[in-house]
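The values are calculated or read from the model by the stated rules, or taken from the named source; none is laboratory data. This is a predicted model, so every value here is computed, not measured. Backbone-built Cβ (ideal geometry, glycine too); neighbour counts: all protein chains shown. Just so you know, the surface numbers come from the protein's heavy atoms only, side chains and all, with ligands and any DNA or RNA stripped out. Shrake-Rupley method; radii C 1.70, N 1.55, O 1.52, S 1.80 Å.
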Amino acid sequence: MRLTEFRELLTTEFGVSRGEMLMTEHRLAALGRTGEAAIDAGVDPRDVWRALCAEFDVPRERW
């Protein structure tokens with residue numbers, strides 16, 4: 001998944017403000033760090049997206 005696609009999904013699902021807050025402040029249990037830190041460390045944005053979806057009960061058809 002491209003980073004631009006990830007950002008679009010994030011904004012669509014969570015909104016601009018909440019999406020940014022989740023990326024910078026919420027530690028994803030599956031990744032052991034924030035979404036932003038994970039992407040900066042080279043984790044595929046798709047894996048960050050799936051971790052967010054799992055933690056926030058996003059319906060599977062939108063993963």
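Here residue 18 passes the criteria (1) touching a residue at least 12 places away in the same chain (Cβ under 8 Å); (2) surrounded by 14 or more Cβ atoms within 10 Å (Cβ to Cβ); (3) in a helix (DSSP H, G or I); (4) not aromatic (Phe, Trp, Tyr) except the one numbered (1). Of everything listed in (1) under 8 Å from the mean Cα position of the chain (by Cα); (2) open to solvent by less than 30 Å² (accessible area, probe 1.4 Å), the single unmet condition for residue 50 is (2). The sole residue among 34, 4, 12 that is crowded, with 16+ Cβ neighbours inside 10 Å and β-branched (Val, Ile, Thr) is 34.
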